[in-house]
Structures are given as C-alpha cells and as structure tokens.
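The values are calculated or read from the model by the stated rules, or taken from the named source; none is laboratory data. These figures come from a predicted structure and were not determined experimentally. Cβ coordinates were reconstructed from backbone atoms using ideal geometry, including for glycine residues, and neighbour counts include every protein chain displayed. Just so you know, the surface numbers come from the protein's heavy atoms only, side chains and all, with ligands and any DNA or RNA stripped out. Shrake-Rupley method; radii C 1.70, N 1.55, O 1.52, S 1.80 Å.
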Amino acid sequence: MVVCGDDALAERLAAELRSVYRERVTVVIPPTRPGTGPRSGSGGRARATTLLGRMQAIMARAAGAPGGEGEPQHEAPRVLEASEPDEEALIDAGIPDAAALALVYDDDETNIRAALAARRLNPRLRLVIRLYNRKLGQHLEELLDQAAAVAAPDLDLAALDTSTTVLSDADTAAPALAATAVAGTSKVVQADGLLLRAVERHPPGLGEVADPGLCTLALLSSTTNDPAGAEGSDDGGEDGPLLLPDDRAVAAATGRGTVVLETVSHAGPAVPARNLAGRGLPLGSLFSPRLRWSLAGLTTCVLGLAVANWLTGHAHPLHAGYLTLLDLFAIDDPALGQSSARQILQLLTGLVGLLLLPVLLAAVLEALGTFRSASALRRPPKGLSGHVVLLGLGKVGTRVLARLRELGIPVVCVEEDPEARGVPLARRLRVPTVVGDVTDEGVLEAAKIHRAHALLALTSSDTTNLEAALYARSVKPGVRVALRLYDDAFATAVYRTLRAAHPHALTRSRSVSTLAAPAFAGAMMGRQILGAIPVERRVLLFAALDVAGHPHLEGRTVTESFRPGAWRVLALDSTAPDERLPDLAAAPSGEGANHPTGLVWDLHPGYVLHPQDRVVLAATRQGLAELLGRRAPVRTWPADP
C-alpha cells in the first residue's frame with residue numbers, strides 16, 4: 001500500500017492501514033530541505049517537518065508493536081520524500097507492484113496528475129483519490145476505469161468496480177459535523193436513500209428503563225457524565241468506551257450513557273429546481289412596506305380622479321383616464337374656459353403628480369439598492385436566535401454549510417478571508433455572513449452568539465477554534481460547542497477544562513482526518529464503507545458486504561453472526577443481485593430517486609444469512625479487518641448464547 005499526501009490525512013491513513021489492516025505501507029511526503037520544490041517556503045518547510053515528525057512517530061510505534069499470535073511481525077511504514085508525486089517518485093515507492101495507492105494531497109491538480117501517471121505504471125492498481133470537485137471526480141473516475149479496462153482486458157468486473165474511488169474528506173466528515181452542531185450527539189450515515197441516525201442516551205434514573213432503540217451501538221466511557229471528566233479520556237479497560245456491546249454488557253453498565261440506533265427515516269427525493277419564471281425577486285424584496293403603501297395610496301387617488309373626470313365631463317371612460325394621465329404628468333393644456341369642476345380636477349391631478357415624482361424616485365433607488373445588495377453578503381438580521389454560528393468557510397466549512405441548509409437549519413457564518421472558498425456559496429444561499437477575525441472583539445457578537453443554539457468551529461487552527469469556544473462560553477455559558485481539533489492530547493486537556501468549568505454545557509470535538517481516514521482505508525482495501533460514526537475519540541464503521549466468502553456470516557443466523565465488540569449485522573439488502581445499487585452510500589438520483597429502498601432493518605434474529613445476500617453491518621476497525629480476513633490479530637470470542 002502506498003500513501004501520498006502532505007497533511008494530517010496522510011498520517012491518519014497510514015496509521016489506519018498499518019494498525020488495523022496490518023498492511024505494509026509506503027508513505028510519500030514533501031521534503032524538508034529548502035529549495036527542492038514548490039513547498040520550499042518557510043510555511044511549507046514547517047508543515048513538511050511536522051508531518052515527517054509524525055510519520056517517524058508512527059514508524060517507532062509500529063516497530064515496537066508486536067504482531068498477533070501466530071502472525072509474523074510486519075516492518076514499519078517506509079517514508080519517502082519527494083517534492084512532487086511524479087513518475088520517478090511513484091516508481092521509487094513501488095507503484096508497479098503495489099496493490100493500492102491513495103493520493104490525498106490537499107491540491108486536486110496534484111492528485112489528478114499523479115493518478116494518471118500511476119494508472120500508466122500499473123493498470124491493475126487500486127486508486128483512491130482525494131478530490132474536492134465532485135463533478136470532476138466523477139469524470140476522472142470513469143476515465144481511469146476505462147483506462148484500466150483497456151490496459152487489462154482480463155480484469156474482472158468486481159476488481160474494475162473498485163479500481164478507482166474518488167472521495168472527499170470534507171464530504172465524508174460533513175454529515176457528522178453538521179449533526180453534532182444540530183443535535184449535539186447525533187450521528188448520521190446514509191445508505192440507499194435512508195438516513196441512519198445514532199443518538200446518545202443519558203443514563204436512566206432510578207426506576208427508569210433505558211430506551212435501546214433498534215440496537216445499542218456503544219457504551220460511553222464512565223467519565224462522559226462526570227463534569228471533571230473528558231470525552232474519551234479513558235481509552236481502554238472497563239472505564240473506556242465499549243463499541244457494539246451485547247445485552248449483558250449493556251445491562252451491567254449502570255450509570256453509563258449509550259449510543260443507540262434510534263430511527264431510520266427515508267431521506268426523500270431532492271427538491272426540484274425552480275423554473276425560470278419563478279426565480280425573479282418578489283415585490284416585497286424590492287420595495288419597503290412604507291413605499292408600497294405610498295404607491296398604493298397615490299394609485300387610488302389617480303383612479304378616483306379618473307372616475308371624477310368621467311362623471312363630470314360625460315366623456316368616454318378611456319378618454320377620461322387619458323386626460324387624467326395628461327394632467328398628472330403636466331402635459332395637458334390648461335382648462336381655461338371650461339367648467340369649474342374640470343379646472344379643480346386638473347389642479348388636484350397636478351398636485352398628485354408632484355407627489356408621485358419623489359415616490360417614483362424612491363422606488364427606483366430602493367430597487368437599485370436591492371439588486372446591488374443581492375450580490376453582497378447579508379448581515380445577521382435583528383432578532384435572530386436559535387441559529388448555528390459556523391466559524392470557517394474553507395473546504396470543510398463549505399460542505400457543512402450546504403448540509404445545514406439542506407436540513408433547514410438557520411446559519412450565520414464567520415470568515416476572516418472575504419475570498420474564502422465558501423463565501424460564494426454563502427452569498428448564493430443568502431446566508432448571513434460576518435467577515436472578520438474571530439479573535440477580534442465584536443465579531444462573534446455580530447454573529448449573535450449570545451442568542452445562538454450552537455457554535456461550530458471548523459478553522460484549520462486548533463488554537464483559533466479553542467479561543468472562539470472559550471469566548472462563546474463567556475458570552476453564553478450554555479451554548480453547544482463543537483470543535484474541530486486534531487491533536488488527541490490537546491483535545492483531552494480542552495475537555496477537562498471546559499467540562500469542569502461548564503458541566504451542563506455540551507462540548508464535542510471532531511477531527512476531520514480521523515473521520516475520513518477509515519473511509520479512505522476501506523476504499524484502498526476494495527470494500528464498501530458507507531460511513532463512520534464517531535464515538536468519543538473512536539470510530540464505528542458502517543459497511544456493505546456480500547455474505548458469500550465470509551465464514552463468520554455465511555450460513556449463520558443474525559444472532560450467531562453477532563460478535564460483541566467487533567461487528568453486528570444491522571440490515572439486509574433484499575434487492576435482487578443484478579438490480580442492486582453499486583454504491584449504497586450514494587443517495588439515489590434521477591429516475592431512481594423514488595424507488596423503494598431494498599434495505600430491511602427489522603431482521604429476525606433467527607434469519608439465516610445466505611451466500612447471495614448483501615448485508616449492512618456496524619463494525620469496529622479491528623473487527624472489520626478480522627471479518628474481511630485481513631492479517632488482523634487472532635482474538636478469542638465467547639461462545640454464542
């Protein structure tokens with residue numbers, strides 16, 4: 001396995017492949033020497049030096065980690081330095097003989113160039129590419145699959161289906177980040193147009209019975225409900241979080257919170273796009289209420305004068321209206337020698353015309369101001385409350401903003417850079433946005449943090465996110481806070497402080513690289529990972545697997561296939577094998593958007609899994625590696641009840 005990258009995702013992915021799947025890993029990272037490539041600036045050198053130091057730490061841990069019983073010791077990951085992943089660097093990394101390559105550079109163009117070169121070197125190579133541009137990624141995946149089919153005609157369909165996978169770490173992490181801000185502890189995974197919602201349950205009180213939901217996914221650590229504790233501070237042992245417990249473990253774990261699969265609801269088809277006729281601005285958006293009332297009053301006066309001209313002059317109604325408009329705009333002859341009624345009506349009409357001129361000018365100015373402000377960022381409206389303050393509109397923040405708007409959640413964005421990636425999206429969606437440094441006084445107040453429901457800090461700086469969280473807590477102690485933090489030790493220290501200072505306020509941390517790494521690693525192994533749900537600082541994976549070829553599943557009942565702490569079958573795909581969706585994680589679109597889902601969730605415990613079945617299961621990373629027959633440590637499980 002080869003991993004090429006220049007940020008935290010490369011480190012997490014290499015660690016995932018080495019510790020979970022026991023694969024031999026070669027990591028290609030930028031050089032630390034100045035003047036050797038485009039990253040020779042001080043910022044690039046510091047970034048590369050940090051990444052190299054982390055990779056060396058991984059190597060040290062891997063070298064000291066013993067293998068499983070009866071399992072040979074694998075060497076530590078090999079680290080290569082290359083300014084660019086060109087053909088020479090890929091050959092040095094062993095691409096011609098490699099099984100899979102992950103290109104996780106932060107730059108889409110770098111990943112595309114390396115993918116094209118790698119496909120030429122090894123047509124059978126399994127490619128996993130990190131791309132932010134979704135449409136470009138779809139076209140690139142089709143192109144590379146066609147290239148693999150032409151270069152290797154004997155490649156079977158199953159291998160061809162997994163030969164190229166394009167993923168986005170922002171897309172992978174966005175659902176969990178958005179759910180954290182909206183519901184605090186909720187996590188969602190999409191499967192065949194359905195949304196799996198996992199929710200955290202507090203320990204039941206005396207005389208109460210905990211709601212198990214559809215099934216219990218995890219037991220939280222014993223310190224989660226301790227104000228002085230930290231989320232995930234107990235990493236192991238009896239006090240640590242327990243994933244996929246059995247019923248006896250749940251019953252024995254009194255006083256501990258649980259994560260349960262609470263509901264499964266249909267996501268529904270996408271809202272159809274509006275036609276061209278319905279895209280114009282309404283009248284209420286163009287003109288203020290006072291101006292609309294003024295126009296309505298003057299129009300009524302003009303109509304009344306036209307009727308009076310018709311009644312007093314005995315002329316045709318159209319002629320009377322025409323004379324009234326001529327008088328209104330002062331282009332009619334004076335009514336000399338005519339009746340007194342006609343002269344009075346002409347004077348009144350001229351007066352109304354004088355009043356109409358400033359009103360028309362005000363209408364023009366308001367309309368011009370409305371169209372001019374339509375291309376500008378909105379300011380948070382007065383009286384706004386119950387919203388989510390989203391800090392950072394980079395790659396991750398942009399995806400989370402889109403997700404929150406899909407859920408109909410009011411959002412106020414805060415971004416320092418007016419040219420940030422997500423600013424055009426905020427402008428197009430008419431999302432209120434405050435441009436400024438969050439560390440400056442008054443920025444969070446402008447975002448109405450004192451009336452906000454939650455703060456979602458998603459900048460790339462841990463210290464900036466922490467500073468924003470501390471300031472938000474000083475303004476509103478009970479505000480829900482979700483932080484994007486990378487370093488586990490730093491996150492633990494943050495939680496101990498925040499939970500001790502604000503025991504009744506909800507605080508959570510989410511690492512984008514930690515959430516995305518399991519999906520990238522699963523794609524490198526050729527498996528279908530539907531999503532990942534964070535449980536404190538651990539991750540629970542959802543995967544779709546064919547039962548055939550898996551002795552732990554084939555021929556067993558649903559109850560017999562359950563392995564506490566490792567995996568659990570949740571659903572069965574009842575669709576015929578030739579009609580199944582190739583990717584259950586993608587929402588159905590187009591004509592297939594309204595098709596009934598083929599997933600059956602309420603499985604009978606005695607149902608026997610057949611080779612032609614495809615199941616959706618929840619698994620730990622180590623459990624999934626063992627289930628798939630990878631070189632995972634041998635573990636002894638208790639006998640089935």
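Here are the numbers for this structure:
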item	result
Fraction of accessible area attributable to carbon and sulfur, the range 74-158 (%, probe 1.4 Å)	52 percent
HN-Hα J in Hz across the range 473-484 - Karplus 6.51, -1.76, 1.60, θ = phi - 60°, x for Gly and Pro	5, 5, 7, 9, x, x, 5, 6, 10, 10, 10, 8
Inter-site label distance for W601 and E88 at 7 Å from Cα along Cβ, in nm	5.5 nm
Amide hydrogen neighbours beyond the local backbone of L599, cut-off 5 Å, H modeled	S574
Gain on full stretching of the segment that runs from D437 to T254 - 0.36 nm per residue minus C-alpha separation	61.4 nm
Y322 accessible area, assembled protein chains, probe 1.4 Å, Å²	130 Å²
Segment L291-V307, extension gain: residue separation times 0.36 nm, minus the distance between their alpha carbons	3.3 nm
Extension gain, S340 back to E554 (0.36 nm per residue minus Cα-Cα distance, nm)	66.7 nm
Rounded to whole Hz, the Karplus (6.51, -1.76, 1.60) HN-Hα couplings of the range 302-311, x for glycine and proline	5, 5, x, 5, 5, 5, 5, 4, 5, 6
Semi-axis lengths, Å, the range 366-481, gyration tensor of Cα atoms, sqrt of 5 times eigenvalues	22, 16, 14
Accessible area in the full protein assembly, largest first, 1.4 Å probe, for H550, H139, H314	H314, H139, H550
Table column - 3J(HN,Hα) (Hz), the range 565-577, Karplus curve with 6.51, -1.76, 1.60, x for Gly and Pro	x, 10, 7, 8, 6, 10, 8, 10, 7, 7, 5, 4, x
Accessible area of the range 399-488 belonging to carbon and sulfur atoms, whole % at 1.4 Å probe	48 percent
Carbon plus sulfur fraction of accessible area for the range 309-363, probe 1.4 Å, in percent	75 percent
Quarter of the Cα convex hull surface for the range 391-438, i.e. its orientation-mean projected area (nm²)	2.8 nm²
